[in-house]
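Following this message is one structure expressed as structure tokens.
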């Protein structure tokens, strides 16, 4: 899609979302204009799957449509788009979805952690701390809070090895202590958590 068409579509969707929020009425998003916005944004993502603004806009459209009409498919589509945003540090996401987004992001973040530990690039190592911070901050609905805090500790340790910032050492210790506190003696990885302390 040419840049001017992209800019026009993005501006129109932002304007529609803003009007719906201000009015407290998603009706405009439910009609044909909202349908066309979804088609257009999907086309943008077909061309550039890393277009975070398009992911956020499409997630927002699906979210408002899904919550207004009780449509589980629309909500599911919103969660899919917002998960990409969550992993990439986009903050303007529905609070109620944060635990779900954290759960969906965790397997991807584990894969990234393994890649970084095996000698991943420095940008990946720096980004990992943010991803695991968002996952652990999402709350008690994490699939395994102790393991998530342990992964945050590992991410801080990797960044410490890369950049040598003592703040990462302190943060790794805090995350490791939180992992131990969140686990009991029966946790299968408690021993590993204790080693990081």
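Since every read-out is calculated from the coordinates, none of them should be taken as a lab result. This one's a predicted model, so the numbers in the text were calculated from it and none came from an experiment. For neighbour counting, all protein chains shown are included, and Cβ atoms are generated from backbone atoms with ideal geometry for every residue, glycine included.
In whole percent, what relative contact order does region 3-93 give with Cα contacts below 8 Å and a gap of six or more residues?
22
Any idea what diffusion coefficient the chain gets from Stokes-Einstein, in µm²/s, Kirkwood Rh on alpha carbon pairs, 20 °C, 1.002 mPa s?
Rounded, D is 117 µm²/s.
Using a Gaussian network model of the chain whose springs link C-alpha atoms within less than 10 Å, name the residue from 147, 61, 45 with the highest mean-square fluctuation.
Maximum fluctuation in the GNM of the chain, among the listed residues, is at 45.
Report the percentage of all Cα-Cα pairs in region 133-174 whose separation exceeds 15 Å, rounded to a whole percent.
Summing the P(r) tail past 15 Å for region 133-174 gives 39 percent.
First measure r as the distance between the Cβ atoms of residue 144 and residue 177, then evaluate 1/(1 + (r/R0)^6) with R0 = 22 Å and state the FRET efficiency to the nearest 0.05.
0.85
Let me ask something additional. What ranking, highest mean first, results for peptides 35-43, 101-109 when packing means the other Cβ atoms within 10 Å averaged over each residue?
Numbers: 35-43: 16.7, 101-109: 19.1.
Sorting 35-43, 101-109 by mean packing, highest first, produces 101-109, 35-43.
For the chain, what is the mean residue ellipticity at 222 nm derived from helices alone (per DSSP H run of n ≥ 4: -39500 (n - 2.57); sum divided by total residues; nearest 500 deg cm²/dmol)?
-25500 deg cm²/dmol
Which angle between 0 and 90 degrees, to the nearest 10, do you get for helix 52-69 versus the longest principal axis of the chain when only C-alpha atoms count?
70
Taking only Cα atoms of region 3-93, what ratio of Rg to Rh do you get with Rh as the Kirkwood inverse-distance radius?
Rg/Rh: 0.94.
Could the peptides 19-25, 155-161, 176-182 be put in order, highest first, of the mean number of other beta-carbon atoms found within 10 Å of their residues?
Numbers: 19-25: 11.7, 155-161: 21.3, 176-182: 19.6.
Sorting 19-25, 155-161, 176-182 by mean packing, highest first, produces 155-161, 176-182, 19-25.
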